[in-house]
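These notes concern the structure reproduced below.
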Amino acid sequence: MKLTPQNIIHHELNGLDTKVVDSTNRSLIGIEGRIINETKNLLTIGTDVQEINIPKSCSSFIFTIPPVNGKRYLPLTIKVDGKLLLSQPENRIQTKFKKKFRK
């Protein structure tokens, strides 16, 4: 399954570039780098200087999806609420999420 904005929460996140855009801990906002590890409750982001553990439950992230086989010229970005990512990666990949419709 290809990585797309529609199925990013069902995919492995290791290796994706990300940025913390919202968090209850204001000191985490603006941290950006590559995801080097993912656990049930944390994303470990490697920056140029250090590795930082970011809690998923209180943060929102922008993920950069790289171009695939030259079909897209620019990388895509998508904002994801960390609460949608709260589970072990191997279990989240198999989980089905209900779509929310607004009237």
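The values are calculated or read from the model by the stated rules, or taken from the named source; none is laboratory data. Note that the structure is predicted; figures quoted are calculated from it, not measured. Please note: Cβ atoms are built from the backbone with ideal geometry, for glycine as well, and neighbour counts cover all protein chains shown.
Taking the stretch 9-58 as the range and being part of a loop (DSSP other than H, G, I, E, B) and without any contact (Cβ under 8 Å) to a residue 12 or more places away in the chain as the test, the residues that pass are ILE29, GLY30, VAL49, GLN50.
Checking each residue in the stretch 30-76 for being modelled with pLDDT under 90 and in contact with a strand residue (DSSP E or B) (Cβ under 7 Å, 6 or more places away or on another chain) picks out ILE65, PRO75, LEU76.
Please find, within the stretch 77-103, the residue that is modelled with the highest pLDDT out of those that are part of a loop (DSSP other than H, G, I, E, B) and of a type in the set (D, E, K, R). Selected residue: LYS96.
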